[in-house]
Amino acid sequence: SLASTAITCFTRGLDLRKETEDVLCPANCPLWQFYVFGDGVYASLSSVCGAAIHRGVITNAGGAVRVQTLPGQENYPAVNANGIQSQVLSRWASSFSVTPGTNSIALEAVGRSVSTARPSTGTGKRPKKLLDKKAGNKDCKADIAFLIDGSYNIGQRRFNLQKNFVGKVAVMLGIGTEGPHVGVVQASEHPKIEFYLKNFTAAKEVLFAIKELGFRGGNSNTGKALKHTAQKFFSMENGARKGIPKIIVVFLDGWPSDDIEEAGIVAREFGVNVFIVSVAKPTTEELGMVQDIGFVDKAVCRNNGFFSFQMPSWFGTTKYVKPLVQKLCSHEQMLCSKTCYNSVNIGFLIDGSSSVGDSNFRLVLEFISNVAKAFEISDIGSKIATVQFTYDQRTEFSFTDYTTKEKVLSAIRNIRYMSGGTATGDAISFTTRNVFGPVKDGANKNFLVILTDGQSYDDVRGPAAAAQKAGITVFSVGVAWAPLDDLKDMASEPRESHTFFTREFTGLEQMVPDVIRGICKDFLDSKQ
């Protein structure tokens, strides 16, 4: 087919379904966020657009790329090219290559938001799916509150222009049962939730509801409205969905009459991504009336330019609809969402007994690094701790010791092999008490990954049950002589999906994606 599929900065080779696929990469992807493995032939874990920039097929201005699926490889090399440092991967199941695509029309013609159209499968039936209006744009994962300005600042006439703009954004998002859901809150003297996420699942209904909104007037107490929306709008009863990013788009004509910084903090605590669309920025004369000139930077999810959006006035706003929709649909950029990547504590309990041996111990450390690497480690994000055990236990580092990924990875590299016996039960009790005890009241979900290569000299069942009772999800990873019964006895329910085993230490590497996936699945299942 002629049409290329618009993809996001983060679409990976393995997200594409056809052998050969023409895709359109967006402009201005953040280079430092790309994950690319290999050179010329890229592991399918790699970002397609990242690989295309790395290869020199496109620049950061985006463009058309043809992606060809290839078989898996051993050894994808790390090469620095065009501003992207690709990474080493020793083996992966499938690969792809990138060549310049033909700059053809994107799938916009099908009435589908181009932001993140998911490439189609190779079956001839798929294009019909795109017209499934009820489902909406399934690739745009978002629960959105439009916080509109209903203050005297904006006035009735511009209020109506604002409603038209919000209506256009709502239509282009591709609202549907499986697509984005939206609601509207009006900010004025007191906030008023006009309708919730659960009220409408069709663009037509939403448009009608927006047209019916009445102008309230009053001060623009945006801070008050933002706080109220973050706390009250996204409950399950009101239609918020599990695992879908929560977004508030704040429309501000001029400036807020109250303090918006505290509201921004509350929104981040609630895992809500705040965007600010400022229209008609305060003029130099007006700046004197603004409480805090940096109000936008303080309220948005992250002050990185992505979450703020400016329009010079409410006239001629149509050209701003698509860029805003593309932002709202980039769920990988929603840095304030609580995801498994930024809301877990993972403790690794490592067997340092003498049967492991020095070189295998290195492979164990590499395994932990590769799991840890997938998570967003920071003082407000995920945290990692490790304990090594023989008959004794040694906390290598606790959850609060390191709050950056670099420091955690370097601490893992520096772990020294103890060598000794195997008392796994004692080690589990020690870790539950000393490592997880101090964080048990925190917001993150707790996971313990136990790595062992043999039979424990003591009982593992009691200590593992106590750990689970303390709210810790346990994964057991066994190598070589580790008895399957012990591994299953330690693992959380369902035991099958929490128990891993490999004959050789070299087999650990292939389990990395499964362990990460397991942690994320448990996180989502537990999340309310």
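Here are some notes:
- Residue pairs, from the table K134/K338; K440/K488; K383/K407; K141/K322, whose Cα atoms sit over 18 Å apart: K134/K338; K440/K488
- Here r is the Cβ-Cβ distance between E212 and A61 and R0 is 51 Å; the resulting FRET efficiency, rounded to 0.05, is 0.80.
- Each residue was assigned an accessible area with a 1.4 Å probe, and for M418 the value is about 50 Å².
- Note on K134 and R302: with the Förster distance fixed at 51 Å, the Cβ-Cβ geometry gives a FRET efficiency of about 0.90.
- The accessible area of E269, taken with all protein chains in place and a 1.4 Å probe, comes to roughly 130 Å².
- Among the listed values [x] -0.24, -0.46, -0.75; [y] -0.36, -0.63, -0.85; [z] -0.21, -0.41, -0.69, the one computed from these coordinates for log10 I(q)/I(0) by the Debye sum over Cα atoms at q = 0.05, 0.07, 0.09 Å⁻¹ is [x].
- Note on exposure: W255, W314, W481, W92 ranked by accessible area (1.4 Å probe, complete protein assembly) read W481, W92, W255, W314, with the most exposed listed first.
- Net charge of neighbours whose Cβ lies under 15 Å from the Cβ of N82, counting Lys and Arg as +1 and Asp and Glu as -1: 0
- With the charge dipole of the chain set up from +1 on Lys and Arg Cβ and -1 on Asp and Glu Cβ about the Cα centre, the Cα lying farthest toward the positive end among the listed residues I428, C520, F215 is that of F215.
- FRET efficiency for D15 and N199, using Cβ-Cβ distance with R0 set to 41 Å, rounded to 0.05: 0.80
- Given charges at beta-carbon only (K, R positive; D, E negative), |dipole| of the chain in Debye: 1980 debye
- The Cβ shell under 12 Å around F270 holds other residues with a net charge of +4, Lys and Arg each +1, Asp and Glu each -1.
- Put a plus charge on the Cβ of each Lys and Arg, a minus charge on the Cβ of each Asp and Glu, and nothing anywhere else: the dipole of segment 344-519 about its Cα centre is then about 400 debye.
- About the Cα centre, charge dipole magnitude for segment 1-101 (Lys/Arg +1, Asp/Glu -1 at Cβ), debye: 40 debye
- Pair S419, D379: separation of 7 Å Cα→Cβ label points (nm): 4.1 nm
- With pairing defined as another cysteine C-beta under 4.7 Å, none of the cysteines of the chain fails it.
- Options Y196, T177, Q156, ranked by Cα towards positive dipole end of segment 140-203, top entry (Cβ charges): Q156
The values are calculated or read from the model by the stated rules, or taken from the named source; none is laboratory data. On a predicted model such as this, the values are computed, not experimentally measured, just so you know. All Cβ positions, even for glycine, are placed from backbone atoms using ideal geometry, and neighbour counts span all protein chains on display. Heavy atoms of the whole protein, side chains included, go into the accessibility calculation; ligands, DNA and RNA do not. Shrake-Rupley method; radii C 1.70, N 1.55, O 1.52, S 1.80 Å.
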